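Working notes, structure below.
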Amino acid sequence: MPQFYVPAKNRSGNALYFEPEESHHLSRVLKKQSGDVVQVFDGEGWVAPVRITGTFNAQRVEAVVLAEKILLKSPLTLALYPALIKGERFDWLLEKATELGVDSIHPMFTERTVVRVEGANLESKLERWQKIILAAAKQCGRQNLPKLHAPLPFAQCAQTLAPDRTHFILWETEELKRLSTQFNLNPKMTHCSLFIGPEGGFTLREAQLAASCGAVAVRLGESILRAETAALVGASYLLMAATAGNA
């Protein structure tokens, strides 16, 4: 069933209405009519099938809720900290992280980051990234949206890590510890952070700072992966392993 976004503010009791962009898509592009049923979500965990009650106004399609569904949540809350990388590769990372079920995304500036966003450019980037996340959630049927944070320096991200939770930093220089073996030391963890470096990886100084803040340096395997690939491989492993460990 197609899924459409309705922010919580647009819902009152069993009645709701779609934002202008979604309304236009429903009524003019998909040609939905009164009586048609679609699935909606608010990005905060609420999801329900609804019956369209009116498509006369292409800027405000209305509907009524038929039933509510229960959010199926992963046993692991995963925060992804990816260094900013160039262009469409970061867009792809956001899309796939959303599909996988990452809970929050914290873009970072690192010593080797070549991408810089600030001021008006930052605002437009955040808006664009949020649209990518929303489109991915609608496509994959996800019930909640990952929280997207504004980019911050790596040091600031590392220094705010909770001391009672698990944190990993992917570092290709690490020779002994693998993500899989370190996860298996605590397979019932409920919260985890995963740091991903840019092209060229993290510097020694950054790895040492992460360690002093409680992060464990790990590697994925023998190959050195591209930044966006490493992010998705690492996130996929953690989420799947956590689900298997809590089955």
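Readers should treat all values here as calculations from the given coordinates under stated rules, not as data from a laboratory. What you see is a predicted model; the values in this text were computed from it and never measured. No Cβ is skipped: glycine too gets one built from the backbone with ideal geometry, and neighbour counts run over all protein chains shown.
Data for the structure
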{"quantity": "Amide hydrogen neighbours beyond the local backbone of Phe4, cut-off 5 Å, H modeled", "calculated": "Gln39, Val40, Phe41"}
{"quantity": "Set of lysines near Lys188 by C-alpha distance (under 21 Å), chain-local residues within fewer than 8 positions excluded", "calculated": "Lys73, Lys177"}
{"quantity": "Modelled FRET efficiency - R0 35 Å, Lys188 with Ala150, Cβ distances, 0.05 increments", "calculated": "0.65"}
{"quantity": "Mean projected area in nm² (Cα convex hull; one quarter of hull surface) for the range 21-124", "calculated": "9.3 nm²"}
{"quantity": "DSSP bridge pairs, the chain: antiparallel proportion in percent, nearest 5", "calculated": "40 percent"}
{"quantity": "Contact order relative to length of the range 3-65, as percent, for alpha carbon pairs under 8 angstrom and 6 or more apart", "calculated": "39 percent"}
{"quantity": "Coil-residue trypsin sites (Lys or Arg not before Pro) of the range 174-247, DSSP, other Cβ within 10 Å capped at 16", "calculated": "Lys177, Lys188, Arg226"}
{"quantity": "Cα→Cβ-extended label distance, 7 Å offset, between Val117 and Arg165, nm", "calculated": "2.2 nm"}
{"quantity": "Spin-label model distance (nm) - Ser34 vs Glu21, 7 Å beyond Cα toward Cβ", "calculated": "2.9 nm"}
{"quantity": "Cut-off under 5 Å, modelled amide H: who pairs with Ala217 long-range", "calculated": "Ile169"}
{"quantity": "Per-selection Kirkwood Rh - the range 3-65 (Cα, Å, 1 d.p.)", "calculated": "11.2 Å"}
{"quantity": "Trypsin sites (Lys or Arg not before Pro) lying in DSSP loop within the range 94-144, provided at most 13 other Cβ fall within 10 Å", "calculated": "Arg116"}
{"quantity": "Semi-axis lengths (Å, descending) of the ellipsoid that matches the C-alpha gyration tensor of the range 102-247", "calculated": "24, 21, 14"}
{"quantity": "The range 155-167 - phi-based ³J(HN,Hα) in whole Hz, Karplus 6.51/-1.76/1.60, Gly and Pro as x", "calculated": "4, 5, 5, 5, 6, 9, 5, 5, x, 9, 10, 9, 9"}
{"quantity": "Cα-Cα over 21 Å, subset of Lys96/Lys131; Lys9/Lys147; Lys9/Lys138; Lys9/Lys125; Lys96/Lys138", "calculated": "Lys9/Lys125"}
{"quantity": "Selection from Met189, Ala150, Ala230 lying farthest towards where the dipole of the chain points positive, charges on Cβ", "calculated": "Met189"}
{"quantity": "Relative counts (whole %) of C-alpha pair distances in the chain, using bins that are 10 Å wide", "calculated": "7, 29, 29, 20, 12, 3, 0"}
{"quantity": "Distance from the range 217-241 to the range 152-192 (C-alpha centre basis), Å", "calculated": "12 Å"}
{"quantity": "Pair Glu174, Ser104: separation of 7 Å Cα→Cβ label points (nm)", "calculated": "2.1 nm"}
{"quantity": "Assigned charges on the beta-carbon of Lys, Arg, Asp, Glu; the range 3-65 dipole about Cα centre (debye)", "calculated": "200 debye"}
{"quantity": "Zone residues, the range 195-238, relative to Arg89, backbone N less than 12 Å from point 7 Å out along Cα-to-Cβ", "calculated": "197-201, 225-231"}
{"quantity": "The chain: relative contact order in percent, alpha carbon pairs under 8 Å with at least 6 residues between", "calculated": "20 percent"}
{"quantity": "Gyration tensor (alpha-carbon) shape descriptor, the range 84-172, a/c threshold 1.5", "calculated": "oblate"}
